[in-house]
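Step one of this worksheet: look at the structure below.
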Amino acid sequence: MKQHDKRYYIKKLDDIFSKYIRLKYSKEGICECYTCGKRNKWQNMQCGHFFSRRYYATRWNEDNVRVQCVSCNVFHEGEKIIFTQKLFKEIGAEKMQMLGIKKNNSVNMDIFELKTLITLYENKRHKIESGQSEDNKR
C-alpha cells in the first residue's frame, strides 16, 4: 500500500485509535471486556464498536467504542444487547441518540483529516503511556 493512499491512513488511524482505546480502559496493562467481563492484557483485546466501523462518522468516536474480548467482538458479533444496555447506562439516552443520528451522516474524510486524527490519538496514547493523563477512564 502506498503511503499516499487514503486506505493507508485509514488503516493507520484504525490501529492507533484501537491501541488508544484499549490503553485508555486498561489498568496496569489489563483490560476488562465491556460485555462479558473477561480480563486480559490490552494487546490481546479488541476495540469493539457499538455502531459498525462501516459508519465513518462514528468509527473513531470515543463514545461509540469500548474494549471487548475476541469472543464477544467477533464470534458473538459484539454482544449487541449487552453492549447497548451498558452503553445506555454509561453515556445516557441523549448521547446514544446523537451517535445514532451521527452514524447516518455521509463522511468522506480526506488524507489531511485522517492525518489530523492520527496525530490526535497518537498524542492521547502517548499521554496515557507516560502516565500524564487518564482522563475519561471508567
Point to revise | Residue match in the range 61-81 (condition: at pLDDT 95 or above, under 15 Å from the mean Cα position of the chain (by Cα) and among the aromatic types (Phe, Trp, Tyr)) | key: no
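Would you point out which residue out of Phe50, Phe88, Phe112 is out of contact with any helix residue (DSSP H, G or I) (no Cβ under 9 Å at 6 or more places or on another chain) and either among the basic types (Lys, Arg) or on the phi < 0 side of the Ramachandran plot (or both)? Please lay out each step first, then the result.
Numbers: Phe50 fails: out of contact with any helix residue (DSSP H, G or I) (no Cβ under 9 Å at 6 or more places or on another chain); Phe88 fails: out of contact with any helix residue (DSSP H, G or I) (no Cβ under 9 Å at 6 or more places or on another chain).
Testing whether each residue is out of contact with any helix residue (DSSP H, G or I) (no Cβ under 9 Å at 6 or more places or on another chain) and either among the basic types (Lys, Arg) or on the phi < 0 side of the Ramachandran plot (or both) leaves just Phe112.
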Review point. Hey, does the range 65-88 have a residue that's surrounded by 13 or more Cβ atoms within 10 Å (Cβ to Cβ), hydrophobic (A, V, I, L, M, F, W, C) and more than 27 Å from Asn44 (Cα to Cα)?
Key: no
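Please work out which residue is surrounded by the most Cβ atoms within 10 Å (Cβ to Cβ), limiting yourself to the range 102-127 and to residues that are among the aliphatic types (A, V, I, L, M) and either at pLDDT below 95 or not in a helix (DSSP H, G or I) (or both). First the steps, then the outcome.
So the first thing to find is which residues in the range 102-127 are among the aliphatic types (A, V, I, L, M), and the list is 107, 109, 111, 114, 117-118, 120.
Cutting the leftovers down to either at pLDDT below 95 or not in a helix (DSSP H, G or I) (or both) gives us 107, 109.
Working: Val107: 12, Met109: 18.
Among residues in the range 102-127 that are among the aliphatic types (A, V, I, L, M) and either at pLDDT below 95 or not in a helix (DSSP H, G or I) (or both), the one surrounded by the most Cβ atoms within 10 Å (Cβ to Cβ) is Met109.
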**Study point:** Looking only at the range 1-33, and only at residues there that are touching a Cys at 6+ places or on another chain (Cβ under 8 Å) and either modelled with pLDDT under 95 or in a loop (DSSP other than H, G, I, E, B) (or both), the one that is nearest to Lys86 (Cα to Cα)
**Key:** Cys33
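The values are calculated or read from the model by the stated rules, or taken from the named source; none is laboratory data. No experiment lies behind these values; they were computed from the predicted model shown. Don't worry about glycine lacking a Cβ; one is built from the backbone with ideal geometry, like all the others, and counts go over all protein chains shown.
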